[in-house]
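Report on one structure; see the data block that follows.
Bear in mind that the values in this text are calculations on the coordinates, not laboratory data. A quick note: this is a predicted structure, and the numbers were derived from the prediction, not measured. Cβ coordinates were reconstructed from backbone atoms using ideal geometry, including for glycine residues, and neighbour counts include every protein chain displayed.
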């Protein structure tokens, strides 16, 4: 249990969680870009009539997306562990601490949907 009795500890932990969120979103965006760039190269080379083989760009892109999803889940776990150590005086009354958690989990779910979409497309 923390004995700082300062709500700034909670807000610092929440900012850290949201920084991990931004990093994970950037990784997932980069993964999508890598996957689509492979598709772009396939079309530019004139292989429109063949079945679509995206190969390594698909694998790398989906790997980046899944890395972002894993970061989101791990950061939520870390945030929840930090919040458990806080005392009542460190959490402002009426403050809803689950907003950032739900944001990360929603983005993780959307990342999984994106990875499934790219794999099944």
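Dividing the summed helix terms, -39500 (n - 2.57) for each DSSP H run of n ≥ 4, by the number of residues in the chain produces a 222 nm estimate of -26000 deg cm²/dmol to the nearest 500. If a spin label sat at a point 7 angstrom from the Cα of residue 40 along the line to its beta carbon, the backbone N atoms of the stretch 58-99 nearer than 18 Å would be those of 58-62, 64-65. Volume of the convex hull of the stretch 8-120 (Cα atoms only), normalised per residue: 82 Å³. Look at the alpha carbon pairs under 8 Å that are at least 6 residues apart: their mean separation over the length of the chain gives a relative contact order of 41 percent. Note the angle between two axes, namely the Cα long axis of helix 99-120 and the longest principal axis of the Cα atoms of the chain, as a number of degrees from 0 to 90, rounded to the nearest 10. Between helix and principal axis, roughly 10 degrees. In this calculation the C-beta distance from residue 12 to residue 120 is compared with R0 = 35 Å, giving a FRET efficiency of 0.30.
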